[in-house]
Amino acid sequence: VSVLIIFVTYGGYTRRISVGGEVTTLPRSVNIFATQQGFIAQRFVNVGDQVKKGQHLYQIDVSRVTDSGTVSASTRQAIENQLAQVDSIIAKLETNKKTT
């Protein structure tokens, strides 16, 4: 049980993949790239959609875990959710301990 609690509190899982893509425009193709590396957090268009200049295509999360502890908002929320689950488990264990 303690191993599970430790993993839920401090563990994490990230799946990284590299993908290539192509944006086709008329009359010629246009190369699109991000100024920073990151993870796609949200997609605003689908394959085959017509887009206009300035339209958002993707939201990229460029946050990284650093020695100073900076993390992305989604990572922080996931950690807070895990801590809430651990607190709930501890409370249930204490309640069960009192009844037995």
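The values are calculated or read from the model by the stated rules, or taken from the named source; none is laboratory data. Keep in mind that this is a model prediction, so the values were computed, not measured. As a convention, Cβ positions derive from the backbone with ideal geometry for all residues, glycine included, and neighbour counts pool all protein chains shown.
Some observations on this one:
- Residue selected from segment 19-66 under the condition part of a strand (DSSP E or B) and in contact with a Gly (Cβ under 6 Å, 6 or more places away or on another chain), by the criterion modelled with the lowest pLDDT: 61
- Any pair with Cβ under 7 angstrom, 6 or more apart, that starts in segment 30-41 at a residue that is farther than 22 Å from residue 52 by Cβ and ends at one that is modelled with pLDDT of 80 or more and not small (Gly, Ala, Ser): 38/60; 39/60
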